[in-house]
Each structure stands twice: as C-alpha cells, then as structure tokens.
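A short write-up of the structure that comes next.
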Amino acid sequence: DGGITQSPKYLFRKEGQNVTLSCEQNLNHDAMYWYRQDPGQGLRLIYYSQIVNDFQKGDIAEGYSVSREKKESFPLTVTSAQKNPTAFYLCASTVTGGNEQFFGPGTRLTVL
Amino acid sequence: SQKIEQNSEALNIQEGKTATLTCNYTNYSPAYLQWYRQDPGRGPVFLLLIRENEKEKRKERLKVTFDTTLKQSLFHITASQPADSATYLCALVPYTGGFKTIFGAGTRLFVKA
C-alpha cells in the first residue's frame with residue numbers, strides 16, 4: 001500500500017533537547033511538507049520541499065530544520081531554539097503541481 | 001489582513017439530516033478550495049476540490065459550493081450518519097501562493113443517532 005508514514009506517534013522531550021521527527025512516503029511524490037497543528041488554529045506551514053536537495057521556509061520555520069536527501073524522506077528537526085514546540089506535527093506530500101495533499105498520521109510532540 | 005475562517009463552534013445534528021459547514025475567506029484570491037476530513041489524533045484526508053470557475057461539486061453524499069462574490073464555500077453532507085462525525089477543514093490555494101495551501105482551523109461535526 002502506498003502512503004506516508006510518520007514516526008514516532010508520540011514523542012516526549014526535555015527542554016533544551018533537539019528531536020527529529022521522521023516522515024517517509026512511497027507515493028513517488030516530488031513535493032513534501034511539514035505542518036504544525038495547535039488547538040483552535042489552522043495547520044501552519046513549517047517547511048516544504050519541491051525536489052530532492054532543495055527546501056524552502058514556510059510561515060513558522062524559526063527553531064526548525066529539515067533535510068531532503070532522498071525523494072522518499074523529509075525529516076524535521078525541532079531544535080532547542082523553538083520556544084513552544086509542544087504540538088501535533090503533520091507531514092504531507094503532493095505530486096508536483098498536484099492539488100490534493102496526502103497526510104501522514106502525525107506525531108504528537110510534548111516538551112516536559 | 002488575510003484570513004480563512006470556519007465556525008469554531010461544533011455543529012450537532014441528528015442522523016439523516018443535512019450538515020452544512022461554512023468557510024469564509026478575506027483578502028485572498030483562491031485558485032481553488034479544498035475540503036478535508038480529520039479524525040481525532042489522525043492526519044487530514046482529502047475529500048473534494050472546487051475551482052474558482054466552478055459553482056458546485058458533488059461526490060456521493062458530499063456537495064461543495066464556491067461563491068467568489070461572497071468569498072465563501074459551503075460544504076454539505078446529506079443523509080448524515082454518525083460515522084460522519086469528525087472535524088472538517090477548509091483549505092485554499094491562492095493564485096499567488098505558489099505551493100502554499102492555507103488551512104482553516106476546522107469545524108467539528110457531531111452526528112447523533
């Protein structure tokens with residue numbers, strides 16, 4: 001089955017620690033995205049990548065970093081510089097120029 | 001300022017009735033609007049897309065309308081079922097947005113048996 005996987009589903013982190021969230025897709029999609037979802041707010045774009053080895057900042061990139069070394073993978077690192085990292089993180093992908101976004105199951109990050 | 005707004009209050013309806021959810025936007029020129037369903041603790045799932053030059057789109061029990069004069073999209077679920085209970089997200093892709101999709105906060109729908 002084709003789809004997007006995210007791991008882990010739940011993640012706990014101490015303040016001051018960096019943590020990396022995994023996102024893998026086997027849909028052969030070119031474009032991948034990371035969103036953050038907070039209660040009562042719409043999804044907010046953190047980073048996106050249209051092709052391998054290229055990515056752009058979204059609306060709330062501060063305190064986050066990404067890489068796109070393979071078409072299938074787009075990991076997100078939440079650094080200690082992110083002041084309020086507790087949230088639900090969603091990864092998505094689309095065919096380049098496509099309209100429909102395919103989402104992963106999400107990772108819930110809690111900073112203790 | 002640019003905004004995309006959905007009713008923050010939950011919508012409670014009786015099984016078999018039609019649910020209507022509203023999405024309003026301000027200071028955007030959408031190329032198209034999308035609707036997604038999101039269950040608790042899960043990622044959104046795409047439902048329907050309607051383009052700027054389309055007035056209405058249907059898929060099974062779902063219907064979406066798009067009024068660029070009112071700057072509004074309506075999402076209807078006819079013959080609603082308890083399994084339709086979820087949060088429904090409106091999203092728009094502006095002409096000038098490149099690859100960016102702008103999401104609303106969603107409206108929670110509860111369908112009672």
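A short reminder: the numbers here are calculations on the coordinates, not readings from a lab. Nothing here was measured: the structure is a model prediction, and the numbers come from that model. Using ideal geometry, Cβ is built from the backbone for each residue, glycine included, and neighbour counts are taken over all protein chains shown.
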For this session: Could you tell me whether any residue of segment B:8-16 is among the hydroxyl-bearing types (Ser, Thr, Tyr), over 20 Å from A:Leu45 (Cα atoms) and in contact (Cβ under 8 Å) with a residue 24 or more places away in the chain?
Result: yes
Exercise. Taking segment A:36-71 only, how many residues are facing chain B (nearest Cβ under 9 Å) and of a type in the set (S, T, N, Q)?
Worked result: 4
For this session: Might you let me know whether segment B:47-56 holds any residue that is in contact with a Lys or Arg (Cβ under 7 Å, 6 or more places away or on another chain) and of a type in the set (Asp, Glu)?
Result: yes
Seminar exercise, completed: Taking segment B:14-34 and keeping residues loosely packed, with under 13 Cβ neighbours inside 10 Å and closer than 27 Å to A:Gly98 by Cα leaves B:Thr26, B:Asn27
Exercise. Looking only at segment A:9-35, which residues are surrounded by 12 or more Cβ atoms within 10 Å (Cβ to Cβ), in a loop (DSSP other than H, G, I, E, B) and touching a Lys or Arg at 6+ places or on another chain (Cβ under 9 Å)?
Worked result: A:His29, A:Asp30
Seminar exercise, completed: Being over 24 Å from B:Ser8 (Cα atoms) and surrounded by fewer than 17 Cβ atoms within 10 Å (Cβ to Cβ) narrows A:Thr77, A:Thr86 down to just A:Thr77
Exercise. Do you know which residues across segment B:61-82 are at positive phi and either surrounded by 16 or more Cβ atoms within 10 Å (Cβ to Cβ) or in contact with a helix residue (DSSP H, G or I) (Cβ under 7 Å, 6 or more places away or on another chain) (or both)?
Worked result: B:Lys71
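Residue under question is B:Lys63, and the condition is that it be in contact with a His (Cβ under 6 Å, 6 or more places away or on another chain) and either under 18 Å from B:Gly104 (Cα atoms) or in contact (Cβ under 8 Å) with a residue 12 or more places away in the chain (or both); does it hold?
Yes.
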Problem set entry | In segment B:35-49, residue nearest to the other protein chains (Cβ to nearest Cβ) [restricted to those that are under 16 Å from A:Ser93 (Cβ atoms) and crowded, with 20+ Cβ neighbours inside 10 Å] | B:Gly43
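Do the conditions hold for B:Gly104, that is, is it surrounded by 17 or more Cβ atoms within 10 Å (Cβ to Cβ) and touching a Pro at 6+ places or on another chain (Cβ under 8 Å)?
It is false that B:Gly104 is surrounded by 17 or more Cβ atoms within 10 Å (Cβ to Cβ) and touching a Pro at 6+ places or on another chain (Cβ under 8 Å).
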